[in-house]
Amino acid sequence: MSLVEHLSRVVDDQPWAAHLYVTDNCNLDCHYCNEYDNSVPHPETADLKRWMRKIRELGVARIGFQGGEPLLHPDIVELVRYAKSLGFFKVSMSSNAFLLKEEHIEAFERAGLDSLQISVDRMTPIESTKKSLKSVQHKLAWFEGSSIKLNVSGVLFNETLEEAAEVIEHCLEQDVSVHARVIHDDIVNDRKLRLHPSTEPLLRAVEHQAQLKAAGERIHTSWNILEYQKAMLEGRPMEWTCTAGYKYFFVSATGKFWLCSQVRTERDIMDITPEILRSYNEPKDCQQGCGVYCTVDTSLAVNDPVAYLSREARGRAQSGLRKLRAEGEKRFLSVLSAR
């Protein structure tokens, strides 16, 4: 798939991206997560390949491998290679990296993996989330010089807020892209998330990332999503129409078609047609305050490409000016100290 064809997904009527759950199994047990089930076997590799062919036939440009923990699947490298052979413009994967080995990097490079997202919530592990940076930090250096783009992601709730800034700082010091995003205040797996009773700490965490991004730091999120989170926390929702199921959809580890990770159907992906996908191009009852940010970001881009690009351009211009100003001040101080 060419870059032009990939970008055309913003304005055409074909799906842009899909996530495929290559396993429901996970080696961790994070309290906020409802996307794992260790009681079921991995899907067969042949089935996963068949579902990938169908996803590509529907016109999808980008595919992301999800879990559970994708590294638990014994054929994960082969699945990446096969996805790339089908012509997907971008193949990505999300992992907690606990099982990641240095030899994986070279194998994934040969297979064609474009990007890897490592999920990290805190500097140190606690009962509700074991995904700590200290557990995997040494692995970040393995990606130096790699063709695989690395980014670290985390979620913001009461038990991660206190260390979120530290995680971001450590990643930026190692020149690794990073972000932390607000999670839903929902009941997941019968356990109530202990979000901070006030939105103010969450808002400060989002604004801190916006300031870092404006200063030219590698905050791996769009300006649109930063603005969306701030608007949500400030009680001024942005106008948008969810395109989940149309431009962006998920396929479960049993081959079921899901609109997103939280809105699920019993439809088999093999029965999905372009007409069915287009039928989901409508507002959803659940879109208010949605925290499935990949879907939100895609929806904002598709809803109004001009507004989306304008917001990104303003943010980048602001970042560029700050960077130039900082470099100018640095040179000025250097000249003064040399006198």
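A few comments on the model shown:
- Of all the listed residues (E266, E275, E239), the sole one being surrounded by fewer than 14 Cβ atoms within 10 Å (Cβ to Cβ), part of a loop (DSSP other than H, G, I, E, B) and either in contact (Cβ under 8 Å) with a residue 60 or more places away in the chain or at negative phi (or both) is E239.
- Output for the range 132-163, where each listed residue is surrounded by 17 or more Cβ atoms within 10 Å (Cβ to Cβ), modelled with pLDDT under 90 and more than 21 Å from E217 (Cβ to Cβ): F157, E159
- Hits in the range 197-221 - residues which are of a type in the set (D, E) and surrounded by 14 or more Cβ atoms within 10 Å (Cβ to Cβ): E207, E217
- Test: residue in the range 169-188 that is within 18 Å of V120 (Cα to Cα), assigned to a helix (DSSP H, G or I), at pLDDT 95 or above and small (G, A, S): no
- Selection from the range 150-162 of residues that are assigned to a helix (DSSP H, G or I) and either within 20 Å of the chain's Cα centre (by Cα) or over 19 Å from L212 (Cβ atoms) (or both): N158, E159, T160, L161
- Which listed residue is at pLDDT 95 or above and small (G, A, S), from G68, G87: G87
- Candidate set: the range 298-315, residues that are out of contact with any Phe, Trp or Tyr (no Cβ under 8 Å at 6 or more places or on another chain) and part of a helix (DSSP H, G or I); chosen: the one farthest from P15 (Cα to Cα): A313
- Evaluated against (1) part of a helix (DSSP H, G or I); (2) under 27 Å from R9 (Cβ atoms), C260 falls short on exactly one condition, (1).
- Options T254, T241: the member that is assigned by TED's automatic domain parsing to the domain that holds G64, in contact with a Pro (Cβ under 6 Å, 6 or more places away or on another chain) and among the β-branched types (V, I, T): T241
- Scanning the range 73-89 for any residue that is touching a residue at least 12 places away in the same chain (Cβ under 8 Å) and either under 28 Å from A205 (Cβ atoms) or not assigned by TED's automatic domain parsing to the domain that holds L172 (or both) turns up nothing.
- So S95, is it more than 30 Å from P274 (Cβ to Cβ) and of a type in the set (G, A, S): yes
- S153 being in contact with a strand residue (DSSP E or B) (Cβ under 6 Å, 6 or more places away or on another chain), closer than 20 Å to I76 by Cα, in the same structural domain as R62 (by TED's automatic domain parsing) and of a type outside the set (D, E): no
The values are calculated or read from the model by the stated rules, or taken from the named source; none is laboratory data. What you see is a predicted model; the values in this text were computed from it and never measured. Every residue, glycine as well, gets a Cβ built from its backbone with ideal geometry; the counts of neighbours run over all protein chains shown.
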